[in-house]
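Each remark here refers to the structure printed beneath this line.
The values are calculated or read from the model by the stated rules, or taken from the named source; none is laboratory data. Please read all numbers here as calculations on a predicted model, not as lab measurements. Virtual Cβ from ideal backbone geometry, glycine too; neighbours counted across all protein chains shown.
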């Protein structure tokens, strides 16, 4: 059997627009890759176009993809490298007999007015949207309704000043249920994050600041003591990402860039290597006809969506 290569352009509107610190995001665009090897093994990859982090658009990478499909030489970029890495990684092999089939718990995204779910044990709230004093009051109110064994993550999405971060720390330095504050400073202020982590009591987490480096070992060498929020399809080397997850399982959160069902299944499988509840909320695609119910469970069961199931979906796109 000869190796076959295919691609699909994928566009999927969110059930409601996603408001971020960088702007409004209303639709997911990707280029999906499918490869069937000479021995019949099927695998999938995704060029996960993500506004505000990479500036690539579909037409920027389509020529590369067409060259790959035809077997011609092509020039890679970060997103293409990631898609190719996921095609080749071991997560598509031995689906039935795979050893690591750990369930993956998902952190629940909550707004300030909601009551915490009794099912989830980890929650995530956006901060840095309104005045810090208002948000601190709302977080305190939310914590009052949180079970003692639950954790709350605060996602600042690069929106805090040093003064505001210190205010958050002063307000919650004795609150053990705050798991971390995610990405308080803009990505170009990484050195300030390294310095401030030694001066505050609340752990910090890095997220898309990893993208510009694409070298997780750099942060290990710099003795980053906090958490890492990893979006595998925004990192170019899947083998390195999986290596890092295995060695830093207790402080690595696997997160989504709102992939298609194909890429999302690969990310779910990747998350089974982490010991920390994942950031894999899928509500933006709930009730879509092409979604798998298995992808909307908490906990998730990686590998419950098989390559053959994805292949059937592929045929109907």
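Residue count for segment 23-51 satisfying the condition of being loosely packed, with under 13 Cβ neighbours inside 10 Å and outside any strand (DSSP E or B): 3.
Considering only segment 130-172, how many residues are within 26 Å of residue 251 (Cβ to Cβ), under 25 Å from the mean Cα position of the chain (by Cα) and exposed (fewer than 12 other Cβ atoms within 10 Å of the Cβ)? The number of residues fulfilling the criteria is 1.
Hey, among the residues in segment 270-287 that are in a loop (DSSP other than H, G, I, E, B) and loosely packed, with under 15 Cβ neighbours inside 10 Å, which one's farthest from the chain's Cα centre (by Cα)? Explain how you work it out, then say what you get.
From segment 270-287, those in a loop (DSSP other than H, G, I, E, B) are 272-277, 280-282, 286-287; that's our starting set.
Subset that is loosely packed, with under 15 Cβ neighbours inside 10 Å: 275, 286-287.
Details: 275: 15, 286: 17, 287: 21 Å.
Among residues in segment 270-287 that are in a loop (DSSP other than H, G, I, E, B) and loosely packed, with under 15 Cβ neighbours inside 10 Å, the one farthest from the chain's Cα centre (by Cα) is 287.
Identify the single condition in (1) over 19 Å from residue 18 (Cβ atoms); (2) surrounded by fewer than 17 Cβ atoms within 10 Å (Cβ to Cβ) that residue 304 does not satisfy, given that it satisfies every other one. Against the list (1) over 19 Å from residue 18 (Cβ atoms); (2) surrounded by fewer than 17 Cβ atoms within 10 Å (Cβ to Cβ), residue 304 comes up short only on (2).
Just a yes or no: is a residue in segment 309-317 modelled with pLDDT under 95 and either within 24 Å of residue 77 (Cβ to Cβ) or in a loop (DSSP other than H, G, I, E, B) (or both)? Scanning segment 309-317, I find at least one residue that is modelled with pLDDT under 95 and either within 24 Å of residue 77 (Cβ to Cβ) or in a loop (DSSP other than H, G, I, E, B) (or both), so the answer is yes. Scanning segment 217-240 for residues that are assigned to a helix (DSSP H, G or I), farther than 21 Å from residue 124 by Cβ and touching a residue at least 40 places away in the same chain (Cβ under 8 Å) yields 238, 239. Looking across segment 227-251, the residues that are touching a helix residue (DSSP H, G or I) at 6+ places or on another chain (Cβ under 7 Å) and under 19 Å from residue 157 (Cα atoms) come down to 227, 228, 230, 232, 233, 234, 235. Among the residues of segment 293-308, those identified as in a loop (DSSP other than H, G, I, E, B) and more than 26 Å from residue 239 (Cβ to Cβ) are 297, 298. Residues that are closer than 21 Å to residue 90 by Cα and in contact (Cβ under 8 Å) with a residue 40 or more places away in the chain do not occur anywhere in segment 281-297. Of all residues in segment 190-216, none satisfies the criterion of being in a loop (DSSP other than H, G, I, E, B), over 20 Å from residue 163 (Cβ atoms) and touching a helix residue (DSSP H, G or I) at 6+ places or on another chain (Cβ under 6 Å).
Table: residues versus (1) under 26 Å from residue 31 (Cα atoms); (2) out of contact with any strand residue (DSSP E or B) (no Cβ under 9 Å at 6 or more places or on another chain); (3) at pLDDT 90 or above.
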residue	(1), (2), (3)
45	yes, no, yes
58	yes, no, yes
65	yes, no, yes
72	yes, yes, no
80	yes, no, yes
94	yes, yes, no
113	no, yes, no
125	no, no, yes
130	no, yes, no
